[in-house]
1. For segment 210-252, which positions are surrounded by 12 or more Cβ atoms within 10 Å (Cβ to Cβ) and small (Gly, Ala, Ser)?
2. Given the structure, is MET203 surrounded by 13 or more Cβ atoms within 10 Å (Cβ to Cβ), under 20 Å from ILE54 (Cβ atoms) and touching a residue at least 24 places away in the same chain (Cβ under 8 Å)?
3. Within segment 84-92, identify whether any single residue is among the hydrophobic types (A, V, I, L, M, F, W, C) and closer than 24 Å to GLY157 by Cα, and answer yes or no.
4. Can you find even one residue in segment 233-246 that is in contact with a Pro (Cβ under 6 Å, 6 or more places away or on another chain) and touching a residue at least 40 places away in the same chain (Cβ under 8 Å)?
5. Considering every residue within segment 232-254, establish whether at least one is part of a loop (DSSP other than H, G, I, E, B), under 22 Å from LEU53 (Cα atoms) and either aliphatic (A, V, I, L, M) or touching a Phe, Trp or Tyr at 6+ places or on another chain (Cβ under 7 Å) (or both).
6. Answer yes or no: is there a residue in segment 88-102 that is within 13 Å of the chain's Cα centre (by Cα) and not hydrophobic (A, V, I, L, M, F, W, C).
7. Considering only segment 51-102, how many residues are acidic (Asp, Glu) and more than 18 Å from GLU27 (Cα to Cα)?
8. Hey, could you check segment 92-102 for residues that are charged (D, E, K, R) and surrounded by 13 or more Cβ atoms within 10 Å (Cβ to Cβ) and say which is farthest from GLY163 (Cα to Cα)?
Amino acid sequence: MKTIIFLILILSVSMKLKSEIITKSVEYKDGETVLEGYLAYDNSSTKQRPGILIFHQWRGISDYEKMRARQLAEMGYVAFAADIYGKGIRPLGPEEAGKEAGKYYGDIKLFRERVTAGLNELMKQEFVDTKEIAAIGYCFGGSAVLELARSGADIKGAVSFHGGLKTPDPKDAGNIKCKILVQHGAMDPYVTEDDVIAFKKEMEDAKVDYVLTEYSGAVHSFTMENSGNDPSKGAAYNKNADLRSWEAMKMFFGEIFYKKE
């Protein structure tokens, strides 16, 4: 009996040693445009699992999105940080980033095509359960998540972290098939109270199942430590809002995945 228990323990330890988070760059296309995303998953199982699509802030895919992808992989998801801008297009400063992001805010059709390309690439990944997909996004990526939902994408959930809420045609909310979680800084100067009110009306008119949470004292970019610690600048890290919004996302995922309506 002791021998059997010992062998089971050895096997268990061996399996844990073999388990690791696999990460790699993934090239894919939207039409003729070459894109480069970032994939992360735990190799300890060959079973299909929910996939999480991540949309980047206005400077393109960075170490931040890669870190979030690894966190999600450690939680048991297949995470894919999609590239909206194109391979090698990574704005360096605010002016350049604003100009690049503006291309998509000004062309909603292109914006939705690019986020859909990311979704399609995630769904091609070997271990992804294509019926269990959610998307998250930060700042510019938060807007991207909502546009993916407004496009009518067949996903389970969309989570926006300090993202923009405006859209050219609010009636497009009638296309939304998923549940929505918006994580918003209560003091965000870039997303006005009028924007919040208009978004709530848009969701209510379309009878979307949504949650909008406002975090006290938080401004724009509240989940990103590299945004500094001075709220008076309009963008700053807020530890409480960061931790609470991440926990809220995890609860949201627990609600939407493998749950019967």
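1. Matches in segment 210-252: GLY217, ALA218, SER221, SER227, GLY228, GLY234, ALA235, ALA236, ALA241, SER245, ALA248.
2. When the stated conditions are applied, MET203 does not pass them.
3. Here is the first cut: in segment 84-92, the residues among the hydrophobic types (A, V, I, L, M, F, W, C) are 84, 89, 92.
From what's left, closer than 24 Å to GLY157 by Cα: 84.
Checked against the condition, which is being among the hydrophobic types (A, V, I, L, M, F, W, C) and closer than 24 Å to GLY157 by Cα, segment 84-92 yields at least one hit.
4. Looking for residues that are in contact with a Pro (Cβ under 6 Å, 6 or more places away or on another chain) and touching a residue at least 40 places away in the same chain (Cβ under 8 Å), one finds at least one in segment 233-246, hence yes.
5. No, there is no match, as no residue in segment 232-254 is part of a loop (DSSP other than H, G, I, E, B), under 22 Å from LEU53 (Cα atoms) and either aliphatic (A, V, I, L, M) or touching a Phe, Trp or Tyr at 6+ places or on another chain (Cβ under 7 Å) (or both).
6. no
7. Our first condition is that a residue be acidic (Asp, Glu); within segment 51-102, this holds for 63, 65, 74, 83, 95-96, 100.
This time we only want the ones that are more than 18 Å from GLU27 (Cα to Cα), so: 74, 95-96, 100.
Residues flagged as acidic (Asp, Glu) and more than 18 Å from GLU27 (Cα to Cα) within segment 51-102 amount to 4.
8. Among residues in segment 92-102 that are charged (D, E, K, R) and surrounded by 13 or more Cβ atoms within 10 Å (Cβ to Cβ), the one farthest from GLY163 (Cα to Cα) is GLU96.
The values are calculated or read from the model by the stated rules, or taken from the named source; none is laboratory data. Note that the coordinates shown come from a computational prediction; the quantities given were computed from them, not determined experimentally. Quick reminder, even Gly has a Cβ in these numbers, built from the backbone with ideal geometry, and neighbours come from all protein chains shown.
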